[in-house]
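Worksheet: one structure, shown below.
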Amino acid sequence: MSFSSDVKEELVHLSGHELHCVVAELAAVISFSARVHCSESSGYLIALETENIAVAKRFYLLLKKAFRFQPKVVVSQHESGKKSHIFAISVEGAANVLQVLKTTGLMNNRGQMDEEEYLTDNPILRRTCCRRAFLRGAFLAAGSVTDPERNYHFEITCVDGRKAEQLKDFMQFFGLEAKIVLRKKYHVVYLKEGSMISDALSIMEAHVAMMKFENIRIVKDVRNSVNRRVNCEAANINKTVSAARKQIEDIEYIRKTVGLDKLPENLRDVAYARLEEPEAALKELGEMLHPPVGKSGVNHRLRKLGQMAQHLREGGRI
């Protein structure tokens with residue numbers, strides 16, 4: 001299974017939550033994934049259709065725990081001919097549908113579906129534990145998380161922009177700095193920061209998945225740190241080699257044009273040292289001199305030799 005499937009599999013097996021948290025999780029699943037019909041003309045229906053049998057079972061069990069009626073279950077073959085099945089869990093009948101919608105806060109006291117305010121003013125979301133349950137339900141219904149071995153990405157898909165903005169603000173309660181992107185006709189609320197995805201998994205109580213995510217993240221961070229260090233050292237080596245090559249070219253030019261014996265003793269000594277040890281670092285060159293010279297002193301003398309070589313190339317004299 002994918003990492004996202006593993007997370008959902010862990011979440012659907014959570015148990016022991018209070019009834020108010022069950023209702024909050026139900027509210028999210030219905031809001032983010034279920035079809036709702038609630039009128040005399042269109043009938044009364046709440047239906048969740050999914051290919052994920054674990055999510056279907058979770059929705060069924062949540063309904064059973066929160067209410068006394070029996071949800072309807074239908075399993076059908078996928079119309080596209082795929083081997084997977086579609087699992088449909090539904091609540092039918094005006095009394096049952098209205099009870100679910102009012103209990104979950106998706107319908108106000110006036111009998112209206114209040115999608116604009118159900119996240120901000122919904123009384124069922126006053127407790128922190130219920131907010132955790134709601135985020136869990138939203139993820140189960142419309143979310144996914146990428147395998148951290150590939151990259152860091154957590155998302156929940158919303159059918160409209162208002163719901164996406166509400167969810168983004170809702171996640172801010174937990175310090176999750178989510179962003180929104182329009183993908184085809186859907187608004188996607190997502191996280192890219194590894195630490196925030198780890199927090200989101202913990203908030204939803206996917207603790208096993210969170211530990212796996214963190215272990216992978218630590219290994220990747222160490223690997224990236226080592227790679228950066230190696231690349232930095234390689235760049236420094238290349239820089240040192242290039243500088244040494246240029247120094248040797250300058251010294252050879254001076255030797256061919258005027259001879260190294262014409263140089264002052266301090267410059268002549270460092271010139272011979274560089275020719276003898278083309279790959280030596282500045283500190284090592286300084287230790288070869290008598291008396292020894294510091295790194296900055298060696299660098300100053302080599303720069304002086306470079307200036308002299310350039311002066312000679314331009315027709316000057318020493």
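The values are calculated or read from the model by the stated rules, or taken from the named source; none is laboratory data. This is a predicted model, so every value here is computed, not measured. Positions of Cβ are generated from backbone atoms using ideal geometry, with glycine treated the same way; all protein chains shown enter the neighbour counts.
List of remarks:
- Out of Lys65, Lys72, sole residue that is among the charged types (D, E, K, R), at pLDDT 90 or above and over 27 Å from Ala206 (Cβ atoms): Lys72
- Annotation note: of Leu125, Leu140, Leu135, the sole residue that is under 26 Å from Ser15 (Cα atoms) and at pLDDT below 95 is Leu125.
- Among the residues of this structure, Gln70 counts as one that is surrounded by fewer than 14 Cβ atoms within 10 Å (Cβ to Cβ) and closer than 29 Å to Asp6 by Cα.
- Among the residues listed as Val270, Val208, the single one being part of a helix (DSSP H, G or I) and farther than 30 Å from Ala309 by Cα: Val208
- Members of segment 1-56 that are assigned to a helix (DSSP H, G or I) and among the hydroxyl-bearing types (Ser, Thr, Tyr): Ser4, Ser5, Ser31, Ser33
- Residues in segment 296-318 that are surrounded by fewer than 16 Cβ atoms within 10 Å (Cβ to Cβ), part of a helix (DSSP H, G or I) and at pLDDT below 90: His311, Arg313.
- Criterion (outside the structural domain of His20 (by TED's automatic domain parsing) and more than 30 Å from Leu275 (Cβ to Cβ)) met by exactly one of Val188, Val159, Val226, Val181: Val226
- The number of residues in segment 231-268 being surrounded by 18 or more Cβ atoms within 10 Å (Cβ to Cβ) and of a type in the set (Asp, Glu) comes to 1.
- Every residue from segment 278-288 that is more than 15 Å from Asp250 (Cα to Cα), surrounded by fewer than 17 Cβ atoms within 10 Å (Cβ to Cβ) and of a type outside the set (Lys, Arg): Glu279, Ala281, Glu284, Glu287
- Screening Met107 with (1) at pLDDT 90 or above; (2) surrounded by 15 or more Cβ atoms within 10 Å (Cβ to Cβ) gives one miss only, at (1).
- Under the condition of being free of Cβ contacts under 8 Å to residues at least 24 places away in the same chain and under 14 Å from Ser15 (Cα atoms), the residues counted in segment 34-69 number 2.
- First in segment 85-97 and of a type in the set (Asp, Glu), second anywhere and modelled with pLDDT under 90, Cβ under 7 Å, 6 or more apart: Glu92/Tyr44
- Matching residues, segment 180-202, being farther than 21 Å from Ala133 by Cβ and touching a Leu at 6+ places or on another chain (Cβ under 8 Å): Val188
- Within segment 281-292, the set of residues being free of Cβ contacts under 8 Å to residues at least 24 places away in the same chain and in contact with a helix residue (DSSP H, G or I) (Cβ under 8 Å, 6 or more places away or on another chain) comprises Leu282, Lys283, Leu285, Gly286, Met288, Leu289, His290, Pro292.
- Residue ranges of helices (runs of 4 or more DSSP H) in segment 77-178 with at least 2 members among the charged types (D, E, K, R): 128-142, 161-172
- Ser198 passes every criterion in (1) over 37 Å from the mean Cα position of the chain (by Cα); (2) of a type in the set (Ser, Thr, Tyr); (3) under 30 Å from Ala138 (Cβ atoms) apart from (1).
- Positions within segment 204-213 being under 14 Å from the mean Cα position of the chain (by Cα) and either of a type in the set (Gly, Ala, Ser) or more than 14 Å from Arg150 (Cα to Cα) (or both), in sequence order: Met210
- Options Arg229, Arg223, Arg217: the member that is farther than 29 Å from His311 by Cβ and either in contact (Cβ under 8 Å) with a residue 60 or more places away in the chain or not in a helix (DSSP H, G or I) (or both): Arg217
- Only one of the listed residues (Ala27, Ala88) is of a type in the set (A, V, I, L, M, F, W, C) and farther than 21 Å from Glu155 by Cβ. That residue is Ala88.
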